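Comments concern the structure below.
What follows is calculated from the coordinates using simple rules that are stated; it is not laboratory data. Everything quoted here is computed from the prediction, not taken from an experiment. As a convention, Cβ positions derive from the backbone with ideal geometry for all residues, glycine included, and neighbour counts pool all protein chains shown.
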Amino acid sequence: MMLASRISLIKPSPTLAITAKANAMKAEGRDVIGFGAGEPDFDTPDNIKQAAIKAIQDGFTKYTPVGGTDELKDAIIEKFKTDNGLTYNRGEIVVSCGAKHSLYNLAQILFEEGDEVLIVSPYWVSYPDIVTLTGGTPVILTTKEEDGFKLRPDQLQAAINKKTKAIIFNSPSNPSGTMYTAEELKALCEIILKTGILVISDDIYEKIIYGDVPFFALPSICPEIKSQAVIVNGVSKAYAMTGWRIGYAAGPGEIIAAVSKIQSQNTSNPTSIAQKASVEAIRGDQSKVGEMVATFKERRDYIVRALNNIPDMSCLNPDGAFYVFPDFSRYYGRVYNGKEIKNSSDMSDFLLDEVNVAVVPGGEFGHDKNIRLSYATSMKNIEEGVRRIADALTRLK
Ligand code: PMP
Ligand code: GLU
């Protein structure tokens, strides 16, 4: 079969691939502990499920407007007002089939050959490929662990040239969990404002934060930036709704209208029933979010301590999201059964083969020294998984 050449430019999502592999191994009866999945292990709260059931019973099962119902857009507008102090109108909001879909559509309507798009590394695995598929060029800005994996203003300034169209920004970050303070955001905003580039801010982990650093949307910190900023968010992470596929983007009307236009030629509207459920998620009782975050925090505290107790391992304490990104590189160069562990991919294979622990190699996020572990799994799994990792590492010589 003759496939279009563009498909050879990208790889399958490694996070989804590793999760699928771990699940397949479990189905075969192997006792796998999965730290791969980037999705909450909690069930979708009941009030949200009930809203979806009611939508079905009421016959709310037809096409909706392409960019989402007015009801859901209004709920999102209220969220921006209450949580972020930002004012948007319906023409500045589009609802898509997940935040990934919003990002994909945004890239399609904004980027083309000759455009450079800045991506902060460690980055979420899909950003570079989403940009590559447009013909644009991803430009990776590598941060340092000693800077908390944060982009420095001088680094941003130095990367911007005439071809630079945009930066994709993500705080709290997947995979590092790092968050920028208000002052740090302000310094980056000043450069974005001065140079006139666009910023796509992926705020999907906004609600999964542990209290040390408050969350600010970029236009809340720097109101003048609003006409250059698109915020992407969704219900997947905050409300344990990964399977429902609802995300959204907020930004200048011209950009949002173009996203709706392209969406009208690919998916049409996001699922009507999931939209009703998302209205309840955003407007309804928020107490379950607090409970989930409190549980994530207990796990974070445990896993960071446990990993730092392993010899030759270092792990930063993340401010948000549900990932840790420890440095395994002091174990590279060591050997097991005649095979040298050379990089994060070898290390991940070793952990899966040797002790049935699934993790995502840091190389997939642009940082080969590190490994990503999602702690969106039970405390029992975390305890056992870290114990197995520590044990496996003692076998390397
Ligand atoms: N951005 C980041 C940083 C993510 O980790 C994810 C996780 N899937 C997404 C976007 C996409 O989320 P979804 O499509 O489920 O809304
Ligand atoms: N965002 C999650 C992760 O990083 C889910 C999988 C994906 O869409 O990449 O694991």
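Here the gap between residue 395 and residue 161, fully extended at 0.36 nm per residue and compared with their Cα-Cα distance, gives a gain of 79.4 nm. Here the simple spin-label model places points 7 Å from the Cα toward Cβ, and for residue 312 and residue 10 these points are separated by 3.8 nm.
In terms of distances greater than 25 angstrom between alpha carbons, the cross-link table entries 100/150; 207/261; 81/237 yield 207/261. Here each label is just a point 7 Å from Cα along the line to Cβ, and for residue 3 and residue 254 those points are 3.7 nm apart.
Taking only DSSP H segments of four or more residues, each worth -39500 (n - 2.57), what value at 222 nm results for the chain once the sum is divided by all its residues, to the nearest 500 deg cm²/dmol?
Theoretical 222 nm ellipticity from helices: -12000 deg cm²/dmol.
For the stretch 238-397, a simple Cβ point-charge model (Lys and Arg +1, Asp and Glu -1, everything else neutral) yields a dipole of about 60 debye relative to the Cα centre. Long hydrophobic helices in the chain, taken as whole DSSP H segments with a C-alpha length of 27 Å or more on their own axis and mean Kyte-Doolittle hydropathy at least -1.0: 287-308.
Place a point 7 Å from Cα of residue 89 in the direction of its Cβ. Which residues in the stretch 250-291 have their backbone N less than 20 Å from it? Zone members listed by number: 250-261. Exposed loop sites, defined as GluC sites (Glu not before Pro) outside DSSP H, G, I, E and B with at most 16 other Cβ atoms within 10 Å, are absent from the longest region of the chain, namely 114-397. Normalised by residue count, the stretch 141-292 yields a Cα convex hull volume of 138 Å³ per residue. Working from Cα pairs under 8 Å separated by at least six residues, relative contact order for the chain is 23 percent. Between residue 183 and residue 58, residue separation times 0.36 nm minus the direct Cα-Cα distance comes to 40.2 nm.
Remark: the chain carries a charge dipole of roughly 480 debye about the Cα centre, counting +1 on each Lys and Arg Cβ and -1 on each Asp and Glu Cβ. Taken along its principal axes, the alpha carbon cloud of the chain reaches lengths of 60, 54, 53 Å, longest axis first. Note on the stretch 256-384: semi-axes of the ellipsoid equivalent to its C-alpha gyration tensor, largest first and rounded to whole Å, are 37, 22, 13. Computed over the stretch 81-215, the quotient of the alpha carbon radius of gyration and 2.2 N^0.38 Å is 1.04. Taking label positions 7 Å along the Cα-Cβ direction at both residue 147 and residue 71, the computed distance is 4.7 nm, reported to one decimal. Dipole orientation for the stretch 197-350: of the candidates 274, 320, 336, 274 has the Cα lying most toward the positive pole (charges on Cβ; Lys, Arg +1; Asp, Glu -1).
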